[in-house]
């Protein structure tokens, strides 16, 4: 019984300590806002201020809400659209966005108390995708994918600006058309490849023919040049011989003794070659060769 006052006193101190901790926690004015966030100070639900990262003093009658302004992602799976030539198209998109710091109060009041606008971004992305794809034909969506992506990004930035969000980038995934259209595209690509192959083969044949023609022309030019050279040499030789004959005839015409001298030289050559035998048959009009009869001995 002597310890009863001591026990009661201990319990009293414990209860008072708990109450003090609760009151201290509730009344403690020091709060902090993490990096990449903003602190929204409200009193009775009304916004009284926006605080940046770091420590701050918050009165007991004020409320602090942490509002995220870091980059977030919103995924849109299998968004449907239709091209200007009525071809159904489907794609999956990932949108990266963040809340503009100067729009925190507006977004907090109208759309989100923590900066999460994923549902708004997904809805806006689907609407933009439908509007952009309706401006392009199916072949253009395939051949101008970067341009389509740029149009979606630009349109989405304008649309989400209403919600106080800024779009960082948009990624398109699993871009596809109907099976029938993809089969038609595949067949068209195959035909185009065959056409290009035939054109390349034709160009190769034409190139080979041009090479053969060039070689034949070169050979013909070489033969012509050779023939021209030989003809030129013959012409020059004939000209030289004719000139020599002209000179010789001119000399003979001026000196008849030279002709007689030549005739004597010819007769001497014939006499030198004669073997002393008379021909076995002499024609009536044939000349009898001159010869010297041996002289008889003196008596």
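Tell me whether region 52-61 contains one or more residues that are surrounded by fewer than 17 Cβ atoms within 10 Å (Cβ to Cβ) and closer than 20 Å to residue 149 by Cβ.
no
Scan region 79-93 and tell me whether some residue there is free of Cβ contacts under 8 Å to residues at least 40 places away in the same chain and either within 35 Å of the chain's Cα centre (by Cα) or on the phi > 0 side of the Ramachandran plot (or both).
Looking through region 79-93, at least one residue is free of Cβ contacts under 8 Å to residues at least 40 places away in the same chain and either within 35 Å of the chain's Cα centre (by Cα) or on the phi > 0 side of the Ramachandran plot (or both).
Among the residues of region 149-178, count how many are exposed (fewer than 14 other Cβ atoms within 10 Å of the Cβ) and in contact with a helix residue (DSSP H, G or I) (Cβ under 6 Å, 6 or more places away or on another chain).
Looking only at that region, the number is 0.
Tell me, please, whether a residue that is at pLDDT below 75, assigned to a helix (DSSP H, G or I) and out of contact with any helix residue (DSSP H, G or I) (no Cβ under 6 Å at 6 or more places or on another chain) can be found in region 222-231.
Scanning region 222-231 turns up no residue that is at pLDDT below 75, assigned to a helix (DSSP H, G or I) and out of contact with any helix residue (DSSP H, G or I) (no Cβ under 6 Å at 6 or more places or on another chain).
Take the residues of region 101-148 that are modelled with pLDDT under 90 and assigned to a helix (DSSP H, G or I): which is surrounded by the fewest Cβ atoms within 10 Å (Cβ to Cβ)?
146
Going through 176, 98 one at a time, which residue ends up being more than 30 Å from residue 49 (Cβ to Cβ) and either at pLDDT below 90 or in a strand (DSSP E or B) (or both)?
Within the list 176, 98, the selection yields 176.
The values are calculated or read from the model by the stated rules, or taken from the named source; none is laboratory data. Here the structure is a predicted model, which means the values were calculated and not measured. Don't worry about glycine lacking a Cβ; one is built from the backbone with ideal geometry, like all the others, and counts go over all protein chains shown.
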